[in-house]
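The values are calculated or read from the model by the stated rules, or taken from the named source; none is laboratory data. This is a predicted model, so every value here is computed, not measured. Every residue, glycine among them, receives a Cβ derived from its backbone with ideal geometry; neighbour counts consider all protein chains shown.
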Amino acid sequence: MPYRENRRYSSSSIITPLLSVPDIGEEDDGTVEITRAQTTADGYYDSKLRRGLNDLTRLRSAASAATYNTFNSFFFEHIDEGAYLPDVGLRPWLAALGGFCAQFCSFGYMNVIGVFQAYYATHQLIDLSPSTISWIGSLQSFILAFGGLFCGRICDMYGPRWLTVPGCLLLTFGVCMTAICTEYYQFVLAQGVCSALGASALFYATTSAITGWFSKRRGLAFGVAASGASLGGISLPFVFDVVSTRASFSLAVYCVAILLFLFSFTTVVVTNSRIAPSGRQPYRFVHFYLRPYLDPVFALVTLSLTVVYLGLFVPFAFIASHAISNGFSLASAFHLVAYLNAGSLGGRLFSGMLSDKAGKFNVYILVCFMSGLIAFPFWYLSATEAGIIVVAAAYGFASGGVLAMYPALIAHISPIREIGTRVGAVSAVIAFGALAGLPIAGAIVGGNASSAPDYNSMQIYAGVVMMSGSVIAVLAKARATGGKIFARE
């Protein structure tokens, strides 16, 4: 099925009119007639040149569309935006499945940074401070978020598969390289940079695809997709713990890489877009990335997410090492990360379903405030094994809601054809919150030969910044609804 029109263009149909000469008459007054003839010829050729260039432009657009159709039909026939309704049929849920697998590989892998943080601190990088080690996970989260600045626009122009294929390859390669790392800079490059680039490409490609396939049940679809991160956070720590205990660190990481490859390859197979890509467009940074911030609601939502991201991943990174300082074994501390992600599974699904009924803003504000409240005072006051397990599961539930609502909320306040770009614009800003959050928390914890780690101050920090983010979200909602704070929005 053709993308634009059935009209065919050949090189001869475009070039031949340009080479034909108009019939220009001759009269007695040579000077005047030569001037008129020259003017007529110039106008004639200018007109033909413009028509030829327009035909070339249409030809290139048709060729671009044909390339996309051929590439996309590797697994599916051509997808026509008008031929398929959102929310209906198998294809929307295939896109949701792609999002589920992509989030298993992106945020699911990101959610186990606490396991790697605790392992590095007791093995390969035992001579480094917690703040220094935390830069690995911090850089990983930064690139995962900041990559949206480029990935979102690429997806809008060329379609999701231009991101899912390289994302699968980069993620698998980065994790495999982590298995043979021995030096700090090697872990930074393999885990903090390479695998994060692949995870970012997978996440933003599927986020854009889901947005086009769903309308009324978009919150549920994002909740289903986000639950993949929870499954990754539950399964990967157990795989890593069992294999590293019985065999070696390298073999454990290779097993993780195999799982990530299987899920990322599934993402490549099932992810497709209902909305045909727009093709190459001029790169206008101000228009695409700065213009949305003229909208006060968009700017306030971005500010809220940035503040929340300063503390959101702190419990993920430090709950295991905090438990070890309270007498947990290394294996029990790793299991806490799994409990946290088990709670996150319920939070992502529940918040997604609830947001379709109660409103995107309402659910986002609620889960942000709950996350801060659990970090401080509940985590602050928990020192027993049972108490820390409950805190891990409860925080997973609340923070899972935040991660599920983030793309849904941006889609809610954005035009549908700009969602990929706008999610990227937001992600580029909140990435700096993710980058700074863990090193700040690590510096607060401290801990060396002369002083004990200060986890209490770190818990206060995490709780306060997340509750502050929920307050900013209230202001954004008030602006969006004209002051109706209790509206269903």
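Key figures for this structure:
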read-out: Ala229 under 30 Å from Val363 (Cβ atoms), outside any loop (DSSP other than H, G, I, E, B) and out of contact with any strand residue (DSSP E or B) (no Cβ under 8 Å at 6 or more places or on another chain); value: yes
read-out: Checking Ser450 against (1) modelled with pLDDT under 90; (2) crowded, with 20+ Cβ neighbours inside 10 Å; (3) hydroxyl-bearing (Ser, Thr, Tyr), the condition it does not meet; value: (2)
read-out: Tally of residues being surrounded by fewer than 24 Cβ atoms within 10 Å (Cβ to Cβ), of a type in the set (A, V, I, L, M, F, W, C) and more than 14 Å from Ala118 (Cβ to Cβ) across region 128-142; value: 2
read-out: Hey, Ala393 free of Cβ contacts under 8 Å to residues at least 60 places away in the same chain and assigned to a helix (DSSP H, G or I) or not; value: yes
read-out: In region 461-473, the residues that are of a type outside the set (Ser, Thr, Tyr) and within 9 Å of Ser304 (Cβ to Cβ); value: Gly469, Val471, Ile472, Ala473
read-out: Where a residue in region 284-301 is of a type in the set (Gly, Ala, Ser) and its partner, wherever it lies, is modelled with pLDDT of 85 or more, with Cβ under 8 Å and at least six apart; value: Ala299/Tyr293
read-out: Verdict on Ser235 being surrounded by fewer than 20 Cβ atoms within 10 Å (Cβ to Cβ), within 22 Å of Gly167 (Cβ to Cβ) and modelled with pLDDT under 95; value: yes
read-out: Test result for Gly148, within 28 Å of Ala342 (Cβ to Cβ) and touching a residue at least 60 places away in the same chain (Cβ under 8 Å); value: yes
read-out: Helices (runs of 4 or more DSSP H) contained entirely in region 82-188, each with at least 1 residues that are modelled with pLDDT of 85 or more and more than 30 Å from Gly442 (Cα to Cα); value: 90-105, 161-178
read-out: Listing of helices (runs of 4 or more DSSP H) fully contained in region 245-363 that carry 3 or more residues being surrounded by fewer than 16 Cβ atoms within 10 Å (Cβ to Cβ) and at pLDDT 90 or above; value: 249-270
read-out: Selection from region 377-387 of residues that are surrounded by fewer than 21 Cβ atoms within 10 Å (Cβ to Cβ) and part of a helix (DSSP H, G or I); value: Pro377, Phe378, Tyr380, Leu381, Glu385, Ala386, Gly387
read-out: Residue under evaluation Leu170, criteria (1) aliphatic (A, V, I, L, M); (2) touching a residue at least 40 places away in the same chain (Cβ under 8 Å); (3) crowded, with 21+ Cβ neighbours inside 10 Å; (4) closer than 17 Å to Phe104 by Cα, criterion not met; value: (2)
read-out: Residue list for region 374-385, restricted to those being of a type in the set (A, V, I, L, M, F, W, C) and more than 18 Å from Ala317 (Cα to Cα); value: Leu381
read-out: Positions within region 174-208 being of a type outside the set (Gly, Ala, Ser) and touching a residue at least 60 places away in the same chain (Cβ under 8 Å), in sequence order; value: Val175, Cys176, Thr178, Ile180, Phe187, Gln191, Leu202, Phe203, Tyr204, Thr206, Thr207
